[in-house]
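S.K.: Quick one: the structure is below, questions incoming.
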Amino acid sequence: MSDDRCWWKCGVIYQVYPRSFQDSNGDGVGDLPGITTRLDYLQWLGVDALWLSPFYPSPQADFGYDIADHCNVDPLFGSLEDFDRLLSEAHRRGLRVLLDYVPNHTSDQHPWFAQSRASRGNPRRDWYIWRNPGPDGALPNNWLSTFGGPAWTWDETTRQFFYHSYLREQPDLNWRNPQVEQAMLDILRFWLDRGVDGFRIDALRKVIKDASFRDNPPNPDWDPSGNPYKRLLPVFSASRPEVHDIIRRMRDVLDGYTDRVMIGELYEPLEKLVTYYGSTDAPECHLPFNFLLLKTPWNAGALRAAIARYEKLLPQHGWPNWVLGNHDKSRIASRVGEAQARVAAMLLLTLRGTPTLYYGDELGLHDVPVPPHLVQDPWEKNVPGLGLGRDPERAPMPWDASPHAGFSSTDPWLPIEPRFESVCVQRQREDPRSILSLHRALIALRRSEPALHQGDLRIIDAPESAVAYERAVPASRMLVLLDLSGSPATLRLDSLRQGGEVVASTHPSRTGERVSETITLDANQGLVIRLGG
């Protein structure tokens, strides 16, 4: 397949959070065999790839992002044989499998760190970041942990501080040590040799730090009532220029295999984000994750501006991508409401570029309230009361109306969506008007229409309450109209002079309708119109 038609450009990626997708053994936690039993659902939905959040051996201090062995499976989730079976069954159904790769840090229970902290003379001492105290025993510098408090922890045995961007149980690796880099690149090769189709790379901008460990400057825009991590600008603890050299070497590893994809988790300003594509001569990420839809105000003007700015800043060789939800952010239905969640689905699946769909968003799931005594997320425990906890968007997938929503035979690790009987997969599959049916129809339409999976995008002038754009290839044109106001909107568009046919609608009753130059969008409605003919 040519680069213009490679699977990750034409396809839809679906994120699976393994703890919350399907429990197969009755312990209340999802696992790999459980995911395997649900592959038919993903095939039915029409997605092209599943991205698995971490399932590696881990003390679970940060639910798998604290890895103790990068080349195995935690017994909580199954075994390496279970993974191989999942991969084989996914490939048999035409589904690709992407893994989370966590290069910035390990668990403090990793054998590497056990050796590193054993003594200052240990051969692996320099595999992590150790610093002497400052004057009078002070911290080495002012760097902060994302999860609250200083990013330095004192080790009494060796009388130095070690650095951790996140929890103290997650010490950062020292990527300035060539041995560390080689070991971490070998981990990529281990999974690629096993047959995985690519990686989403966690916390990529933090992988390398300032060599002089300079203090981070204060953030003049920090709100003292908000996230304390944002008190400083992480200019020396993240986004260092040298990170691009490391990313290019990661990409070199993937390019040694056929048809693989590398996705970077990069919470960066747009101008910086696009630099992570690299260049045609020195490529970096295939897809630096674009999180604009997670943070742009949900109104037509802001969304039009965000789409236009992203398209303008993309390098010529860069392929766009869009993310509407993930395991770290509030669910789209909670952010914009149920009616607009349908509009958001149409936006995600008709914009130019690769969409990533978060499990359960196709059901219109909301954040699930978690009472204090059931809180699991260490971020919420470390920085309580600010709404930083990520448990609400990680609730188990509701499959049917049976006890525990078909997710497990026992109480799950987090509370189930209270409305699970009405929003579960079983109920929505039977309803052609459901948001699940809408997602399936949009994914099928996107797959069948070249204008939607590879066409250009042109934003069209529309009333303040609406977003309108054309997707086009030489042989066909599609018009997408989205009402974001909650009120009807009448549009008079040159694009419709030759007429058109509604081929998808957030309200199915309009599908098949013939339209002409003037069209009215109902409140909270989206339409996809095939132009001409």
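The values are calculated or read from the model by the stated rules, or taken from the named source; none is laboratory data. What you see is a predicted model; the values in this text were computed from it and never measured. Note that each Cβ is placed from the backbone with ideal geometry, even for glycine, and that neighbours are counted across all protein chains shown.
S.K.: Filter segment 184-205 down to residues that are in contact (Cβ under 8 Å) with a residue 24 or more places away in the chain and over 16 Å from residue 263 (Cβ atoms) and give me whichever is surrounded by the most Cβ atoms within 10 Å (Cβ to Cβ).
M.R.: Among them, the one singled out is 184.
S.K.: Anything in segment 60-80 that is hydroxyl-bearing (Ser, Thr, Tyr) and surrounded by fewer than 16 Cβ atoms within 10 Å (Cβ to Cβ)? List them, or say none.
M.R.: Scanning segment 60-80 gives a single hit, 79.
S.K.: Also, I was wondering about something else. Determine whether residue 370 is assigned by TED's automatic domain parsing to the domain that holds residue 13, of a type outside the set (D, E, K, R), in contact (Cβ under 8 Å) with a residue 24 or more places away in the chain and buried (at least 20 other Cβ atoms within 10 Å of the Cβ).
M.R.: Answer is no for this residue.
S.K.: Restricting to segment 374-417, what's the tally of residues that are at pLDDT below 95, hydrophobic (A, V, I, L, M, F, W, C) and assigned to a helix (DSSP H, G or I)?
M.R.: Number satisfying all stated conditions: 2.
S.K.: Has segment 216-238 got any residue that is over 30 Å from residue 341 (Cβ atoms), of a type in the set (Gly, Ala, Ser) and surrounded by 21 or more Cβ atoms within 10 Å (Cβ to Cβ)?
M.R.: Scanning segment 216-238, I find at least one residue that is over 30 Å from residue 341 (Cβ atoms), of a type in the set (Gly, Ala, Ser) and surrounded by 21 or more Cβ atoms within 10 Å (Cβ to Cβ), so the answer is yes.
S.K.: Which of the residues spanning segment 445-464 are assigned to a loop (DSSP other than H, G, I, E, B) and out of contact with any strand residue (DSSP E or B) (no Cβ under 7 Å at 6 or more places or on another chain)?
M.R.: Passing the criteria: 461, 464.
S.K.: So, one more: Return the residue satisfying two criteria in turn: it lies in segment 311-323 and is of a type outside the set (S, T, N, Q) and more than 18 Å from the chain's Cα centre (by Cα), and of such residues it is nearest to residue 18 (Cα to Cα).
M.R.: Restricting to residues being of a type outside the set (S, T, N, Q) and more than 18 Å from the chain's Cα centre (by Cα), the top hit is 318.
Results for (1) assigned to a loop (DSSP other than H, G, I, E, B); (2) touching a residue at least 40 places away in the same chain (Cβ under 8 Å); (3) crowded, with 18+ Cβ neighbours inside 10 Å; (4) within 16 Å of the chain's Cα centre (by Cα), shown as yes or no for each residue.
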| site | (1), (2), (3), (4) |
| --- | --- |
| 290 | yes, yes, yes, yes |
| 302 | no, no, no, no |
| 306 | no, no, no, no |
| 325 | yes, yes, yes, yes |
| 328 | yes, yes, no, yes |
| 335 | no, no, yes, no |
| 343 | no, yes, yes, no |
| 356 | no, yes, yes, yes |
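S.K.: Do you know which residues across segment 139-162 are hydroxyl-bearing (Ser, Thr, Tyr) and more than 22 Å from residue 60 (Cβ to Cβ)?
M.R.: Passing the criteria: 157, 158.
S.K.: Quick test for you: out of 160, 170, pick the one residue that is in contact (Cβ under 8 Å) with a residue 40 or more places away in the chain and more than 26 Å from the chain's Cα centre (by Cα).
M.R.: 160
S.K.: Hey, residue 48 hits all of (1) in contact with a Gly (Cβ under 7 Å, 6 or more places away or on another chain); (2) charged (D, E, K, R); (3) buried (at least 22 other Cβ atoms within 10 Å of the Cβ) but one; which does it fall short on?
M.R.: With respect to (1) in contact with a Gly (Cβ under 7 Å, 6 or more places away or on another chain); (2) charged (D, E, K, R); (3) buried (at least 22 other Cβ atoms within 10 Å of the Cβ), residue 48 is out only on (3).
S.K.: Residues that are over 18 Å from residue 169 (Cβ atoms), surrounded by 18 or more Cβ atoms within 10 Å (Cβ to Cβ) and not small (Gly, Ala, Ser): does segment 129-139 have at least one?
M.R.: no
S.K.: Exactly one condition in (1) at negative phi; (2) crowded, with 17+ Cβ neighbours inside 10 Å; (3) touching a residue at least 12 places away in the same chain (Cβ under 8 Å) is false for residue 386; which is it?
M.R.: Residue 386 satisfies all of (1) at negative phi; (2) crowded, with 17+ Cβ neighbours inside 10 Å; (3) touching a residue at least 12 places away in the same chain (Cβ under 8 Å) except (2).
S.K.: Which one is farthest from residue 316 (Cα to Cα), of the residues in segment 465-476 that are part of a loop (DSSP other than H, G, I, E, B) and out of contact with any Asp or Glu (no Cβ under 9 Å at 6 or more places or on another chain)?
M.R.: Checked segment 465-476; the qualifying residue farthest from residue 316 (Cα to Cα) is 475.
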